[in-house]
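J.: Here's a structure for you.
The values are calculated or read from the model by the stated rules, or taken from the named source; none is laboratory data. Please read all numbers here as calculations on a predicted model, not as lab measurements. All Cβ positions, even for glycine, are placed from backbone atoms using ideal geometry, and neighbour counts span all protein chains on display. Surface accessibility is based on the protein's heavy atoms, side chains included, excluding ligands, DNA and RNA. Shrake-Rupley method; radii C 1.70, N 1.55, O 1.52, S 1.80 Å.
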Amino acid sequence: MKYFALLRAGLLRRKGRTLLTLLSIVAAFVLFGFLDGVRTVFQHGADNAAVDRLVIGSRLSLIQPLPLAHKARIEQVDGVVEVAYSNWFGGIYQDRKNFFPNIAISPEYFDLYPELVIPEDQKKAFLATRTAAIAGRKLAERFGWKTGDRIPLQATIWPHKTLGNTWTFDLVGIMHGTDEDDQRFTNELVFRYDYFDEGRTTGQGTAGWYVVKISDPARAAQIASAIDALFRNSDAETKTQSEKEFNLSFAKQFGDIGLIVSAIMGAVFFTLLLLTGNTMSQGVRERIPELAVLKTLGFPDRLVMGLVLAEALLLLTGGGVLGLALAAAGLPAASRHFGGQIPPLAVSGESWIVGVAIMLLLGLFVGLPPAWRAHRLSIVDALAGH
Amino acid sequence: MVRLAGVKKNYQRGRQTVEVLHGIDLDIASGEFVALMGPSGSGKTTLLNLIGGLDTPTAGTIEVAGRRLERLTSAALAGWRAANIGFVFQFYNLLPVLPAWRNVELPLLLTSLSAATRRRNALIALELVGLAARAEHRPRELSGGEEQRVAIARALVSDPKLLVCDEPTGDLDRHTAEEVLGLLQTLNREHGKTIVMVTHDPKAADYAGRRVMLDKGTLVAAGA
Ligand SMILES: Nc1ncnc2c1ncn2[C@@H]1O[C@H](COP(=O)(O)OP(=O)(O)OP(=O)(O)O)[C@@H](O)[C@H]1O
Ligand SMILES: [Mg+2]
């Protein structure tokens, strides 16, 4: 690229200013990389959802329990194959920072989640031991747990009738997911619903939510309305959703991540647009005599315009790629800091594509006005200092 | 080499149209070194810009290096300038971030020459103006006279037939000016370059073979 020396000369003319602009571009794209990584993770749960599972919660709110008596009636609905139920326990292991999901499950859970992998003998041990628990592989590695260990959890929502705040579980197995990327099963702890339900001081005879396996994904909507119809006008109305909808609405409890990310990045990129736009047009204004000289030497208008535009694109893509690369390098460390509370963050291929598109778009927005000005620049006027 | 007939140039000043050149007829033969003189505001730069193809006349015909310029588009003029004209200005107009040889190389970027050939030709042009040793220096590290010689090397590098200089010594002290003028004279005598040079300075005009006087947009006297 024979014009590279010229481009570099344009950018290096004011090293300090270019560096500052570059830094703000880098910073904006580091932020973009991080936020888009978080957004991707929240959407990941929804993307990984199975199509043959429905989740039933209370129509009122996600945290409103449903009677266990619903189970038998749900099983009667045409198209329902099997029904499991669970409850969020929210226990703490040693320290609040050690957060991981811990959930009470009914025995059908294993049938409903074929992607949950566990040795057959460990599953048997679970079904045979009231106080049994199964830990995800990563979780067990993180805390050095082995089968046979007794694991104490501090209750946050559900104190035990006689034991007070400390529940104790016997670890009988280690599970993982069929898909190694699927963090769900490798990072959670599950234990028996009957032990949980009898031990807790309130809420006996209720479930946090039901999970239903259906015979035909194509009939999902119909089956869901049939289930909800069963309990309409009762004390405990239900809201049945596909697993994907449920995961999305679960994520929405934390706010609409996609919207928040877009709003923040919109503001950041708008600021960047003003900042680099200003830098670029200032830079071109200062170089009017130089650009006029290039034209005098026979550089066509379009070439001079292209050089200015290329400068803007180079600045934006250079800073942007650097920023995204830094985010990609930093995200694993950031995930570790969260200690498994969220799945590993990464800059996805999709983030790269969107990111590069934004860089090019910003480059055009920022570069076109001064480039056009350079195109129209009259040699005679510029040389005369008009 | 240069033939102007009935050349007029108008400028728009606000709502007013001002005629700056009132029908110039001028012939310059190949190999001439012409000094264009006249009071400030008489239209010297305007005339020079027309000859160099930087601007187009309002009326009249301009033929330079065998080409009629008055009807060329700006893109065509740009290509024509690159091939035929070397420019030297009062304020050198070098790009400050580029080393001397990169400045000299600039016109060659428009050719299909290889990078190595471009660099070699740039160094040859610098050698011609006696600055080969300063090839890697930036304009800031050069004296005014040296900067002007780099600008002359840049004007020469694509081997144009005509050099157009607007007060090339206007910003230099007497001694340095004489060096630069001597260089232009050498280029004219030994390398056969046709030169049109605007100057205020009668001593500078002595280096030229002919003087052309402009006053209020009209050629008043031409003599040796
Ligand atoms: N782009 C322009 N727009 C309007 N008027 C112009 C423009 N360029 C030159 N003029 C006017 O045309 C006249 C001639 O200008 P020109 O620059 O050719 O004079 P000059 O002889 O080169 O003067 P100087 O010796 O000061 O450089 C002046 O009155 C000037 O104000
Ligand atoms: Mg002038």
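J.: Suppose we filter A:V366, A:V321 for residues that are under 28 Å from B:A75 (Cα atoms), among the β-branched types (V, I, T) and part of a helix (DSSP H, G or I); which single one remains?
T.: Result: A:V366 is the single residue among A:V366, A:V321 that is under 28 Å from B:A75 (Cα atoms), among the β-branched types (V, I, T) and part of a helix (DSSP H, G or I).
J.: I'd like to check which strands (runs of 3 or more DSSP E) are fully inside the range A:168-267 and have at least 3 residues that are more than 30 Å from A:R130 (Cα to Cα).
T.: A:238-242
J.: B:F87 passes all but one of (1) within 8 Å of chain A (Cβ to nearest Cβ); (2) assigned to a helix (DSSP H, G or I); (3) out of contact with any Pro (no Cβ under 8 Å at 6 or more places or on another chain); (4) open to solvent by less than 40 Å² (accessible area, probe 1.4 Å); which number fails?
T.: (2)
J.: Kindly indicate which of A:A221, A:A236, A:A229 is more than 13 Å from A:I103 (Cα to Cα), free of Cβ contacts under 8 Å to residues at least 40 places away in the same chain and over 28 Å from the mean Cα position of the chain (by Cα).
T.: It is A:A229.
J.: Criterion first (away from ligand 2 (no atom under 16 Å from the Cβ), assigned to a loop (DSSP other than H, G, I, E, B) and in contact with an Asp or Glu (Cβ under 9 Å, 6 or more places away or on another chain)) does B:P39 satisfy it?
T.: no
J.: Also: Keeping to the range B:36-95, report how many residues are more than 15 Å from A:K295 (Cα to Cα) and of a type in the set (G, A, S).
T.: Residues in the range B:36-95 being more than 15 Å from A:K295 (Cα to Cα) and of a type in the set (G, A, S): 9 in total.
J.: A further question follows. How about the range A:1-112: which strands (runs of 3 or more DSSP E) wholly inside it have at least 2 residues that are open to solvent by 20 Å² or more (accessible area, probe 1.4 Å)?
T.: The strands (runs of 3 or more DSSP E) meeting that bar are A:80-88.
J.: Further question on the same structure: Going by the conditions given, is B:L26 assigned to a loop (DSSP other than H, G, I, E, B), within 19 Å of the chain's Cα centre (by Cα) and not polar (S, T, N, Q)?
T.: No; evaluated as a whole, the condition is false for this residue.
J.: I would also like to ask the following. Could you go through the range A:218-233 and let me know if any residue there is under 25 Å from A:G173 (Cβ atoms) and surrounded by fewer than 21 Cβ atoms within 10 Å (Cβ to Cβ).
T.: no
J.: Now for a different question. Could you tell me how many of the residues in the range B:138-159 are surrounded by fewer than 24 Cβ atoms within 10 Å (Cβ to Cβ) and part of a loop (DSSP other than H, G, I, E, B)?
T.: Here the count works out to 5.
J.: Being away from chain B (no Cβ under 14 Å) and open to solvent by less than 20 Å² (accessible area, probe 1.4 Å) is the filter here, so list the residues in the range A:360-386 that pass it.
T.: Those that are away from chain B (no Cβ under 14 Å) and open to solvent by less than 20 Å² (accessible area, probe 1.4 Å): A:L362, A:G363, A:V366, A:G367, A:P370, A:A371.
J.: Now for a different question. Of the conditions (1) open to solvent by less than 30 Å² (accessible area, probe 1.4 Å); (2) within 21 Å of A:R53 (Cα to Cα); (3) not hydrophobic (A, V, I, L, M, F, W, C), A:D197 clears all except one; give me its number.
T.: Unmet for A:D197, out of (1) open to solvent by less than 30 Å² (accessible area, probe 1.4 Å); (2) within 21 Å of A:R53 (Cα to Cα); (3) not hydrophobic (A, V, I, L, M, F, W, C): (2).
J.: While we're here: If you go through the range B:55-79, how many residues are open to solvent by less than 20 Å² (accessible area, probe 1.4 Å), within 10 Å of chain A (Cβ to nearest Cβ) and either closer than 21 Å to B:V198 by Cβ or within 16 Å of ligand 2 (Cβ to nearest atom) (or both)?
T.: The total comes to 1.
J.: Can you tell me how many residues within the range B:160-171 are within 16 Å of ligand 2 (Cβ to nearest atom) and assigned to a loop (DSSP other than H, G, I, E, B)?
T.: Residues that pass the stated criteria total 5.
Yes/no per residue for (1) under 30 Å from A:G16 (Cα atoms); (2) at pLDDT 95 or above; (3) acidic (D, E); (4) more than 15 Å from ligand 1 (Cβ to nearest atom):
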position: B:V2; (1), (2), (3), (4): no, no, no, yes
position: B:N10; (1), (2), (3), (4): no, no, no, no
position: B:R15; (1), (2), (3), (4): no, no, no, no
position: B:P39; (1), (2), (3), (4): no, no, no, no
position: B:P57; (1), (2), (3), (4): no, no, no, no
position: B:V88; (1), (2), (3), (4): no, no, no, no
position: B:V97; (1), (2), (3), (4): yes, no, no, yes
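J.: For the range B:42-54, what are the residues that are more than 10 Å from ligand 2 (Cβ to nearest atom), closer than 12 Å to A:V380 by Cβ and part of a helix (DSSP H, G or I)?
T.: Across the range B:42-54, the qualifying residue is only B:L50.
J.: Okay, moving on. Scan the range B:90-129 residue by residue and report those that are more than 10 Å from chain A (Cβ to nearest Cβ), closer than 22 Å to B:V196 by Cα and either touching a Leu at 6+ places or on another chain (Cβ under 7 Å) or part of a loop (DSSP other than H, G, I, E, B) (or both).
T.: Hits for the range B:90-129 are B:V104, B:A125, B:L128, B:V129.
J.: So is B:L214 within 16 Å of ligand 2 (Cβ to nearest atom) and either within 13 Å of chain A (Cβ to nearest Cβ) or of a type outside the set (K, R) (or both) or not?
T.: yes
J.: Still on this structure, I have one more. Looking at B:D201, B:D159, B:D166, can you tell me which residue is within 14 Å of chain A (Cβ to nearest Cβ) and within 16 Å of ligand 1 (Cβ to nearest atom)?
T.: None of the others qualify; the one that does is B:D166.
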